[in-house]
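The values are calculated or read from the model by the stated rules, or taken from the named source; none is laboratory data. Model, not experiment: these values are computed from the prediction. Heads up, the Cβs are rebuilt from the backbone with ideal geometry, glycines too, and the neighbour counts pull from every protein chain shown.
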C-alpha cells in the first residue's frame, strides 16, 4: 500500500491558460494521480460558481473544494443522488466572513472610481459595476453604500489605470492590517477575513482527511498562493510555483516548474507525486 497524497491545485495560471483552455497534459496527469489513489482538489481564488465546472473537466470529485482564497470551503454531499449536477453535489461547509465597512470606506476614499464587488456568506455577489472577469450569476448590482450592509467573505476591487505598485502603496497607506489581502497580476485587490488564506482552509481539509503533512502537494502561480505554500512547507510537504510566477512567489514555493503554457503543472505532478509512492509501515 501507499500513503495517499492530498494535492491542492490553483486554477488560473496553474491548470488553466489565459484563454480558459487547460494547460497541456494536465487532464491526463491528474487522471494518473487520481487513479493511483491520491486526492486531487482545487484551491482557488475563484468563487464556487466560477470553479465547479473544472471538476468535470478534470474528472475529479474530491471530498472538499477550497474557494474564495480560503474563505469558503465546499464539501461533497456523499448521499446526493446519482447524476446530480456537480454544482448541486457540494454544500458550503466552512465559510469565513467579516464586516467590510471600514475597509470599503478606506478604499473608496482612495479609489472612488474603482469597481467593487463583495461576496456574501451565501455565495451571492453584490457589485457596483459589471466586469467581464467576474462570475455574476445570481448577482445583484447595488449602490456602493449597500456593499457595506452585510457580512462578507471577500471584497474585490478592480481599478483600471492602476498597476501593482499602486496597490502596494494603497495597502500600506490604508493600513489594511485588519484583513488578509492578495494583489493580482493587474489592478486587482482581493481582501479576505483576517488570518484566512488557502493554507488555513487546506489545513482543515488535511485534518478531516487524516493526511500526513509530508504527503501534501500544492501548486500555484500568484501571491494569493503564498499562504498555502508556507502551510505545505511547514508540514514537510511540497510547494511548487509555476514558471511564470513573480519572483517572490517562486522563492516562497521553494520548487519551480515550467510555465503554464508549456504544461509545467503536468510535469510537476508526474515528477513529485507520481514518482514518490512510499510504502506504509
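Name the residues in segment 64-78 that are outside any strand (DSSP E or B) and over 21 Å from residue 225 (Cα atoms), would you?
Answer for segment 64-78, where residues must be outside any strand (DSSP E or B) and over 21 Å from residue 225 (Cα atoms): 77, 78.
Would you mind stating whether residue 236 is at pLDDT below 95, more than 25 Å from residue 22 (Cβ to Cβ) and not assigned by TED's automatic domain parsing to the domain that holds residue 180?
no
Please pick out the residue among 164, 130, 173 that is over 17 Å from the mean Cα position of the chain (by Cα), surrounded by fewer than 17 Cβ atoms within 10 Å (Cβ to Cβ), in contact (Cβ under 8 Å) with a residue 40 or more places away in the chain and over 30 Å from residue 4 (Cα atoms).
Every option except 173 fails the conditions.
Each row is one residue, and each column tells you yes or no for (1) touching a strand residue (DSSP E or B) at 6+ places or on another chain (Cβ under 8 Å); (2) within 19 Å of residue 45 (Cα to Cα); (3) in contact (Cβ under 8 Å) with a residue 40 or more places away in the chain.
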position	(1), (2), (3)
210	no, no, no
218	yes, yes, yes
233	yes, no, no
236	no, no, no
240	yes, yes, no
251	no, no, no
261	no, no, yes
266	no, no, yes
269	yes, no, yes
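All but one of (1) closer than 16 Å to residue 268 by Cα; (2) surrounded by fewer than 18 Cβ atoms within 10 Å (Cβ to Cβ) hold for residue 78; state the number of the condition that does not hold.
Single failed check for residue 78: (1).
Is segment 213-223 home to any residue that is surrounded by fewer than 19 Cβ atoms within 10 Å (Cβ to Cβ) and either at negative phi or out of contact with any helix residue (DSSP H, G or I) (no Cβ under 6 Å at 6 or more places or on another chain) (or both)?
yes
Looking at the structure I just gave you, is residue 210 buried (at least 24 other Cβ atoms within 10 Å of the Cβ), in the same structural domain as residue 43 (by TED's automatic domain parsing) and over 25 Å from residue 125 (Cβ atoms)?
Criteria not met by residue 210.
Of all residues in segment 18-32, which are part of a loop (DSSP other than H, G, I, E, B), closer than 22 Å to residue 198 by Cα and modelled with pLDDT of 95 or more?
Selection gives 23 alone.
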